[in-house]
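These notes are about the structure you will find just below.
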Amino acid sequence: MLRVYNSLTRHLEPFEPLTPGRVTMYVCGPTVYGLLHIGNARTILFWDVARRYLEHQGYVVTYVQNFTDIDDKIIARALEAGETAEAVASRYTDAYFADMDALGVRRATFYPKATETVDEMIAHIEGLMARGLAYAVDGDVYFRVAGFPAYGRLSGRTTDDNEAGARVEVDARKQAPEDFALWKAAKPGEPAWDSPWGPGRPGWHIECSAMARHLLGDTIDIHAGAKDLKFPHHENELAQSEGLTGKPFVRYWMHTGFLNLGSEKMSKSLGNTRTARDVVAAFGAQAVRYFLLQTIYRSDMDFSEEAVRAAATGLANWRDTLARLERDSSTAGDEAAAEALAARVSGAFEEAMDQDLNTAAALAALNAATHELRRSLAEQGRGEAPPVSLRPAVAAIRRLAAEVLGLELGPPEAAGTLDGQTEALLALLIDVRREAKAQKNWGLADLVRTRLAELDIRLVDQKDGSTTWVVAPKVPVS
């Protein structure tokens, strides 16, 4: 049975959705004012895998991921570029879809935008005011934190912990420093919407509460995002949602760890990011997926080009091993034993994923199964074991990797034929790459490999230091 870590209770709990057989899932999406960095992509990629596994288990999943398309950062970027906030948001929303499609992330069920849900936000705020949990000041509206005694339950913070000017907006007009904005009065030149309190725009936190409730109802099963959203964003969401409905807002709060560059969290504000687009271009989507799934989602992990390069090599070797196993395995033997072996592969994989969606353990289970198949093949070859076809087990490994993890482990296609001049140019590029690696010019070496892959030519580094090639069209991740 699937068990997940609930950030609210701080315990592993059996996963039991509100409606049997159906899961509602809300993941905080990007604020679209720049390209997605690879740390952001880690969060989105993991929830893509979580959604895939839930569907693999037979659940019908309604998956919502929002776009914050009006925000101070978007407005600042628009002023800097001399264009509208709408144009900035539209451009980076399109870029987000292009980057996530390239990484093999399946489309969500719904992608609500903040600017398209303003009416629902206004209604939510009016409801909070009617319950005495919000107040207006000069066109701004604030949530009254003192009116919600359970505030701090998710993050573990109290109002005394909230240092004004750090994560709490300073405003002398507020009744208490910890009160947060639900609605912001319009400023000259900024986008604005009409409201009962005058023209303005919604605060960040109310956006997700209104969009989640509008599409998924008063109580949702999973609300997810990176752990830096736990406070204040998710804490405020919880307060303003439960403050309105009086019902539990989320059954399972779940948070991903950081992707660090060096010793620091990768973030745009620190200026230490690598865009998902650049990393995928350098190493390929499959290698990036494999790298990011090698650590359980709740733990921080370190990014380095060496680590992604090692993941790419490991993935290529794994794929080649499975191809050899399939090619050399007998098609005869005990069919029941063959199917039992495949069932053990699936069981080990699901047992790992059932422990808090542990992709690291799931990958380890599939790799361990691959090694077991290699031993079995060797034993059969030496006459130490009866013939059993390994092909059903190989198929199970490939199916689980593709269906749940988004990793394509199909056999590389046989080497194609190239004309003599093209083969000579290819040999030259391989020599250039070998020299670049000798000089530790990894950027150039990776560029040669990536550009050839775009032409459906895959380089295969051998243990003796040589490099071969195969014509292997890329299989898109579904």
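The values are calculated or read from the model by the stated rules, or taken from the named source; none is laboratory data. None of these values were measured; they are calculated from a predicted model. All Cβ positions, even for glycine, are placed from backbone atoms using ideal geometry, and neighbour counts span all protein chains on display. Ligands, DNA and RNA are stripped out before the accessible areas are found, and what is left, the full protein with its side chains, is counted by its heavy atoms. Shrake-Rupley method; radii C 1.70, N 1.55, O 1.52, S 1.80 Å.
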Could you list, in sequence order, the residues of segment 261-293 that are within 11 Å of residue 42 (Cβ to Cβ) and either more than 14 Å from the chain's Cα centre (by Cα) or of a type in the set (S, T, N, Q) (or both)? 266, 279
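Please specify each residue of segment 79-100 satisfying the condition of being assigned to a helix (DSSP H, G or I) and in contact with a Pro (Cβ under 9 Å, 6 or more places away or on another chain).
85, 86, 92, 93, 96
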Taking residue 298 as meeting all but one of (1) open to solvent by less than 20 Å² (accessible area, probe 1.4 Å); (2) in contact with a His (Cβ under 9 Å, 6 or more places away or on another chain), write down the number of the exception. (1)
Which members of segment 178-205 meet the condition of being modelled with pLDDT under 95 and open to solvent by 80 Å² or more (accessible area, probe 1.4 Å)? 187, 188, 189, 204
Pick from 103, 154: which is in contact with a Leu (Cβ under 6 Å, 6 or more places away or on another chain), surrounded by 15 or more Cβ atoms within 10 Å (Cβ to Cβ) and under 27 Å from residue 255 (Cα atoms)? 154
Mind counting the residues in segment 438-462 that are surrounded by fewer than 17 Cβ atoms within 10 Å (Cβ to Cβ) and modelled with pLDDT of 80 or more? 10
Report yes if some residue within segment 338-349 is open to solvent by less than 50 Å² (accessible area, probe 1.4 Å), touching a helix residue (DSSP H, G or I) at 6+ places or on another chain (Cβ under 9 Å), not in a helix (DSSP H, G or I) and not β-branched (Val, Ile, Thr); otherwise report no. no
For segment 1-38, what are the residues that are more than 30 Å from residue 87 (Cβ to Cβ), surrounded by 19 or more Cβ atoms within 10 Å (Cβ to Cβ) and of a type in the set (Gly, Ala, Ser)? 7
The one condition residue 148 fails out of (1) touching a residue at least 24 places away in the same chain (Cβ under 8 Å); (2) within 30 Å of residue 46 (Cα to Cα); (3) open to solvent by 10 Å² or more (accessible area, probe 1.4 Å) is (2)
Is at least one residue of segment 163-177 under 35 Å from the mean Cα position of the chain (by Cα) and either polar (S, T, N, Q) or at pLDDT 95 or above (or both)? no
Just wondering, is there one or more residues in segment 242-256 that are β-branched (Val, Ile, Thr) and part of a helix (DSSP H, G or I)? yes
